[in-house]
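In what follows, a structure is listed as structure tokens, so that the remarks can point back to it.
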There are 2 protein chains.
Amino acid sequence: MTWLNKVQFNEDGLIPAIAQDRQSGKILMMAWMNKQALAHTVETKKATYWSRSRQALWLKGEQSGHEQIVHRILLDCDGDTLLLEVEQKGGIACHTGRESCFYLELQESSHGSNWSPNAPILKDPETIYKK
Amino acid sequence: MTWLNKVQFNEDGLIPAIAQDRQSGKILMMAWMNKQALAHTVETKKATYWSRSRQALWLKGEQSGHEQIVHRILLDCDGDTLLLEVEQKGGIACHTGRESCFYLELQESSHGSNWSPNAPILKDPETIYKK
């Protein structure tokens, strides 16, 4: 597939993929894709990543139900980063139960800076990942 | 610095940093930072990346004038991706003269899919990077 050949995967065969909520414009998460994950995403319109920790395809939301329906896929000028415009099912992308994985904000003070959570937990992770 | 120790740099000492326009919510680019680049960004409030091709600190906009003034810095749940909310000087982040580096959209058709530019060139790159 020609379009797939234009995608620059790194030396591990991976490319970073940013997921953005198509309604709010909020950045939800960043994860990695290999060729298979990208092809699966395009085919099914459901965001599918490559889990580096599990070394396996990761259909986002498979366990939690928090799937990401992909409306647009964009590639950057260097061809080495992807951007997915998605509809986030359940309004929760993060495994902590928050809307976005980017919830730690650098707060600077004269007493020393630190990362502070700036977004509420919308759903208890234990409820999300119930056994 | 404690806050810097919570940032998970990869085996090359780098972390991906996504720049988002704080007004429009548009994702402008993704680049990499090392510890020094991140510390410099926090100190100066101007986005500073690590150029992997040049293996040097890269003060965004140094040549083009298209600096990014950093208003907020966010870290994700795993601590391994950064998000910068920026004011994009000149309204152009991409070296091609476009607002965003993510301008190639996957267009699917029965004749074969491809990446098509979906955003205008706002300024001729030769004018931006005049010698």
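The values are calculated or read from the model by the stated rules, or taken from the named source; none is laboratory data. Owing to the predicted nature of the structure, the values given are computational and were not obtained by experimental measurement. Note: ideal-geometry Cβ built from the backbone for every residue, glycine included; neighbour counts use all protein chains shown.
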Considering segment B:27-47 alone, what residues qualify as being more than 9 Å from the chain's Cα centre (by Cα) and not in a helix (DSSP H, G or I)?
B:Met33, B:Asn34, B:Lys45, B:Lys46
Near pairs, Cβ below 7 angstrom, 6+ apart or cross-chain, from segment A:11-22 (over 17 Å from B:Leu83 (Cβ atoms)) to any residue that is crowded, with 22+ Cβ neighbours inside 10 Å
A:Leu14/A:Met33; A:Leu14/A:Trp50; A:Ile15/A:Met33; A:Ile15/A:Thr81; A:Ile15/A:Leu82; A:Arg22/A:Val86
Has segment B:54-69 got at least one residue that is over 19 Å from A:Ile18 (Cα atoms) and within 11 Å of chain A (Cβ to nearest Cβ)?
no
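Give me a count of the residues in segment B:15-25 that are buried (at least 18 other Cβ atoms within 10 Å of the Cβ), within 19 Å of A:Cys101 (Cβ to Cβ) and not small (Gly, Ala, Ser).
Count: 4.
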Output yes when any residue across segment B:107-116 is more than 14 Å from chain A (Cβ to nearest Cβ) and among the charged types (D, E, K, R), and no when none is.
no
Somewhere in segment B:47-63, is a residue touching a residue at least 40 places away in the same chain (Cβ under 8 Å) and of a type outside the set (Lys, Arg)?
yes
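Table: residues versus (1) under 28 Å from A:Asn114 (Cα atoms); (2) of a type outside the set (S, T, N, Q); (3) at pLDDT below 95; (4) surrounded by fewer than 16 Cβ atoms within 10 Å (Cβ to Cβ).
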position	(1), (2), (3), (4)
B:Ile27	yes, yes, no, no
B:Thr48	yes, no, no, no
B:Ile73	yes, yes, no, no
B:Leu83	yes, yes, no, no
B:Leu104	no, yes, no, no
B:Pro117	no, yes, no, yes
Just checking, how many residues over segment A:23-46 are within 11 Å of another protein chain (Cβ to nearest Cβ), closer than 26 Å to B:Leu74 by Cβ and either among the polar types (S, T, N, Q) or touching a residue at least 12 places away in the same chain (Cβ under 8 Å) (or both)?
11
List every residue pair whose Cβ atoms sit under 6 Å apart, with the two residues 6 or more apart in sequence or on different chains, where the first one lies in segment B:90-101 and is at the interface with chain A (Cβ under 7 Å from one of its Cβ atoms) and the second, anywhere, is charged (D, E, K, R) and buried (at least 22 other Cβ atoms within 10 Å of the Cβ).
B:Cys101/A:Asp76
Keeping to segment A:64-82, report how many residues are in contact (Cβ under 8 Å) with a residue 24 or more places away in the chain and in a loop (DSSP other than H, G, I, E, B).
7
